[in-house]
Structures are given as C-alpha cells and as structure tokens.
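Taking it in order: structure first as structure tokens, then the write-up.
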Amino acid sequence: MLVRILIPSPPARDDGYHLYMQAHFMVVIDSHGAIASCEAGEPEDVPSEVAEIAHALLRNGVVHSTFIWMPEGSVEACSIAVSQAPSAPGSPSSVYLHGTWLRALPHGLTNRELDVVTLLAFGLTSSSIAERLVIAERTVTTHIDRVLRKLNVSSRTAAAVLAIDEGIVRLPFPGGDGEVLELLKLGRSIRGAGKSQDSAPKTIRQPLVIGAALPLRGTAAADGLEMVRASELAIEEINQRGGIDGRSVRLELVSVDIFDTTGVQRGLATLAERGADVITSGYLARQDLAHEFMADSGIPYLHAATLDVMAQLVRDDPARYGRIFQVCASDLNYAPRFLEMMTLLRDRRQWVPSSRRLVVVEAAWSDSDLGLGVASILAEQNGWQLDIVHVESDGAESWARLADQLRTEEPAAIMVGNYLVDDTVAFLSRFLEDPSDTLVYSLYSPSVPEFRERMAGSADGLLWATVTGTYSDGHARAFVSKYRDRFGVTPGRSHAGISYDRVALIARAWSSVSNPRDPKLVSNQLRQTIHRGVNGVYYFENASQSAQTYPGETTDPSLAQAHLVFQIQNGRQRILDPAPYADGTFVPPPWLTRTWSALGVTRP
C-alpha cells in the first residue's frame, strides 16, 4: 500500500522547484541496519545500497543528510533524505530513510550537470572534475556556467553551498572511488556554513486513517449521523493528547445507504483505495458481501452488525476472515433474553400477564437469527407458550397491519424483532391507537434519538433491549456530557457509544504495536486487547472475534457487554436489567389493565 508521507518544502524558488515532495518509500533503519518498520511503500522498494548508507550515517552520528541516488547508467533518480529518529534515553538509535522518485532533476539540471555540481560541491577544481569525468576542462567550464545560471547563483562557492543545502549531490560519487561517508560528513560541515541545522526538513508522520462506511443517507441516516459525530469526538480527543506515537488520527468517511448493495461495495473499495489503515461500518443489509470484500482486502475491519451468521464465518474460516471483528454480541441472544425478562417480571409479581402466550415477531432479514431455538426451550421450562410470527416483507405498512392483528389476539407480550426506526414506529403507533393488555418489548431502534422525537411522549412504558447499549455509569455520563457540549444534542443509547468506543479500541491497538500500518500486527493486538468503553467491555479472544454478552454467553461482566433492557419512563431511558447496571425499576405501561388492577392503584 502506498502511504503518503508529507515533508515540508523549502521556500519556493522562482523556478517553482521543490526538492521535498511526497515520499514513495519511508522506512526506519535500526541500529543493526535492518528495516524496523515501513511507513510508506514496501521494504523491497528501498535500494539496498541506500539502506547501507543510512546505517553508516547512523553509526557515525550524522543527524541529517540529503542526496540524489542515481547509479551509473540509470535513467531514474531518487531524492533521499536521512534523518535521525527520536528515541528514549538509553534506547537504541534509529534513522528515518525516505525517498522520492523524481520525474526530473531539480532546477532543470541534466545528468551531466548533476555530476558537475556534485563534484563542485565537494571542492574539486575544474581540472580534477574533467579528469574524473573523462571530459575536456573547457567542457567542464561550460557546464559550470550553465549550472550557475540554473541555480541562480553567481559563484562556484554559492553553487556548492546551495547544492549541499538542497541535497543536489549525486551518489554513487560521479567517476567512482568516492568515500561516500566522508563526502556526506563534508557536506554536513559545508551545510552548516550556509544554513542552520535546525532548519533541516522534519519528518511529519502520515496520519493513521480510520475508514468509515456509515449510513448518512437512506433508512438509517439518523443513526449514521450519531456514528460520525461520536467517531469525530473520539478522534479529536486522541489528537489533542498527541495522537499515536507522533501520528495524528484521521477519519476518512464515505456515505452509504445500508440497502444499496452496490453503493456499499463501492464505498468500501473507496476507503481501501484512499489508504485506510482500518475500516469500520455500522450495520448493513448485505453484511455478507462486506465481509467478502474486507477479507480480500486484508485490512482490519470492525463492524457493528449483530449477526451470528457473520460471526460463524469467522469461526469456520479464521484464515480468511481473521482480520474481521464484530464489536457487539450476536442477535441470537435477543429472543432468549426476552423470555428471561418476561419470566423475571412475572415471577417478581411486577407484571400480571393476560395469558401464557408470548409472541416473537421475526423481520424479513434473511441473515438474522434471534435465537428462537433456545427461546423455545426457555418458554417450555417456564410455562409459556411461544409463537413465532414471520413478516414476509418489511415496510411500515406491513408492520402497522401486524399491530392490528396482534392487538386483536391480545398475547401477554410481543417482542418486535426489528431494528429499523420506521418499522418500529409504525407498529407501536398503530398498536397504541387502541392497545390490548399486552406488554410490548422492542429491539434496538428506540436507542436512536429519531425514535424519541417521532414518538414524543407516547412511547412511555415501552420495554426495549440491545446487546450493546450505553451504560449509565460515570464513564458513560462523561461521554454523554462531552458529546452534548460538542454537538448540542444528547446522543442515543447504542451506536454513538459503539463508534466512540471503537475509535478508542483501534487507537489502543495502534499504540501497542511496533508498526501500526502492519495489518497482521494490528489484528493480533485487537484480538488480545481488553477495552472498557462506555458500552461495556470489548474482548475478541474467541473463535468468532465478536464481543460477548452478559448475562448469556458469559457470567463475567468484566469481559463482556451487558445485554441491557431499558424502559422509557417519562421520556427517559431507564436501565432495568442486568445488575449492577440498572438505574431504574419496572413501571407497568398505562395500558396494562390487569397489572394495574392487581397493584390496587389507579393506572396513570
């Protein structure tokens, strides 16, 4: 992958020449002469002789040197800069080595004029230059005159100083038999006479790029805006702390529609082409296609699609999908959790069911698996009758008609197995027009602020759950406060936190490896990292490389994300379960006639 390393240019000259351009390779040479890391290009792009020169300069304490590498007979010239890398006291020293292949020689010089100015810079007389290049002394004089005009200087001494200062010296030494190191040391002393060492070009390490394919258009646009804002907030905080080992972090964003398969594939390809070091996304209708593209790319990929079928891909073929991470637990936890909560509320006598019948409505997402098999077992064990209703086609009108049907049947509770705001709002709005004595339990979509805005106060009493939700503890409250201060609105209770945590998780992995541009090193580190974010704990050391849920997949909340069950109460989101994350207790929705009667109070 070609990564651009930007180096400040010296002051512009009248002829528009700038020596320092975008580097085609940049590596770090360690104290043993080996390439320790590769910032740009590939290690094999570096001429071995140039690496040896850089190592020699390091051993001899040369802080900075620039030259043009152009072996005899070569038609290509490469501008080389070697500068000492900062190191901690007592640590082995190293140097940056970067090179830019030149389209033309600086100042319009010809190859022969480059030879002449090189020899001139190191103090050779016209006769010595003629002897070394095997040309007439008169020809040398002609070349020197042309060099002075092109460099816009009036003397040989001025030409020598400028050549050393701008690195317009050719290696290998023209005519052979030149001691490279001694020449470059000499160049350093000449350079000191004309320009301060402090003004030497400084390396600016190319920003580390987080690519993000997020839904800023289409059905999930409101959720996508939250993802972008939280990502930006996290990146701003990292850069304010100094970035990652001297590199800033940058967000490279492409807007997608989660149902536009072609657009999603094009967006992921764009991020790869733009040099993203890690790629992220929210949830996509064809997550399988995104997985295939990312597996082919080899770029670490962190997505937030709660799909066990995607986690299964990683389990079945870690060699192909080993750089793909699911930052939330899988959907197969949803229906079992619904059964557990209904049983808990019934057994605590906080709710009086109208019957033994529970209904799970399954949306028409082909890749979704809500864990109905386990839920059926739990239903039988706890005295429930579980019915499954399949929605053959998504869309608000289909969900509204389903609300009419289920309201007439009056089950004890309904789980609305849909993640989209439009569909959930359509179902709930129709149901609340004339509600039956049925507890309604939704998934995920009430986490999006758009849901709250569209339902206003009419959603009070609704239960909903998410396998990855933002906690109510001090850590999460601090995030909410920073988000509100930065963007003027309160974040939702899921994907804002996911996006904020994901950037921090990536940054931790980058900070812990020797080369953050090595996708293998970064993926291995992501697999080992335990990160406590505002949505719980991210830990991928399992066969699926996905976050685990508590309770459910693990009994250890220190290694998982709590599967939170919320209730909307007076317009606020209250966590009912699990402990110790709860910040509220269940309040029967106003339409539950039997429950309020059993409590012996007047319903609100």
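The values are calculated or read from the model by the stated rules, or taken from the named source; none is laboratory data. For clarity, every value in this text was computed on a predicted model and none was experimentally measured. All Cβ positions, even for glycine, are placed from backbone atoms using ideal geometry, and neighbour counts span all protein chains on display.
Just to verify a result, which residue in region 293-337, among those that are of a type in the set (D, E, K, R) and under 18 Å from the mean Cα position of the chain (by Cα), is nearest to N524 (Cα to Cα)?
Checking each candidate, the answer is R323.
Consider V50 carefully, then state whether it is assigned by TED's automatic domain parsing to the domain that holds L151, under 44 Å from the mean Cα position of the chain (by Cα) and modelled with pLDDT under 90.
No; evaluated as a whole, the condition is false for this residue.
If I filter region 460-467 for residues that are buried (at least 18 other Cβ atoms within 10 Å of the Cβ), closer than 30 Å to S355 by Cα and touching a His at 6+ places or on another chain (Cβ under 7 Å), do I get at least one hit?
The answer is yes, given that some residue of region 460-467 is buried (at least 18 other Cβ atoms within 10 Å of the Cβ), closer than 30 Å to S355 by Cα and touching a His at 6+ places or on another chain (Cβ under 7 Å).
Report yes if R532 is surrounded by fewer than 19 Cβ atoms within 10 Å (Cβ to Cβ), within 21 Å of L443 (Cβ to Cβ) and modelled with pLDDT of 95 or more, otherwise no.
no
Need the failing condition index for D347 against (1) within 24 Å of P578 (Cα to Cα); (2) touching a residue at least 40 places away in the same chain (Cβ under 8 Å), just the number.
(2)
Conditions first: (1) aliphatic (A, V, I, L, M); (2) in the same structural domain as A305 (by TED's automatic domain parsing); (3) surrounded by 22 or more Cβ atoms within 10 Å (Cβ to Cβ). V489 passes all but one, so which condition is the exception?
Looking at each condition in turn, V489 falls short on (3).
Would region 117-125 turn up any residue that is of a type in the set (S, T, Y), within 28 Å of H64 (Cα to Cα) and loosely packed, with under 14 Cβ neighbours inside 10 Å?
Within region 117-125, one or more residues are of a type in the set (S, T, Y), within 28 Å of H64 (Cα to Cα) and loosely packed, with under 14 Cβ neighbours inside 10 Å.
Can you tell me which residue in region 249-270 is nearest to W365 (Cα to Cα), limited to those that are of a type in the set (G, A, S) and surrounded by 16 or more Cβ atoms within 10 Å (Cβ to Cβ)?
If we take residues in region 249-270 being of a type in the set (G, A, S) and surrounded by 16 or more Cβ atoms within 10 Å (Cβ to Cβ), then G263 is nearest to W365 (Cα to Cα).
Output the residue which, of all residues in region 549-568 that are of a type in the set (S, T, Y) and part of a loop (DSSP other than H, G, I, E, B), is nearest to E39 (Cα to Cα).
Looking at the filtered set, the residue picked out is T554.
Here are some residues: T139, T110, T118. Which one is more than 52 Å from the chain's Cα centre (by Cα) and of a type in the set (S, T, N, Q)?
Selected residue: T139, the only one of T139, T110, T118 that is more than 52 Å from the chain's Cα centre (by Cα) and of a type in the set (S, T, N, Q).
Filter region 312-344 down to residues that are part of a loop (DSSP other than H, G, I, E, B), in contact (Cβ under 8 Å) with a residue 12 or more places away in the chain and of a type in the set (D, E, K, R), then give me how many there are.
Number of matching residues: 1.
Only one of (1) closer than 30 Å to T125 by Cβ; (2) at pLDDT 85 or above; (3) part of a loop (DSSP other than H, G, I, E, B) fails for R217. Which number is that?
Going through (1) closer than 30 Å to T125 by Cβ; (2) at pLDDT 85 or above; (3) part of a loop (DSSP other than H, G, I, E, B) one by one, R217 breaks only (1).
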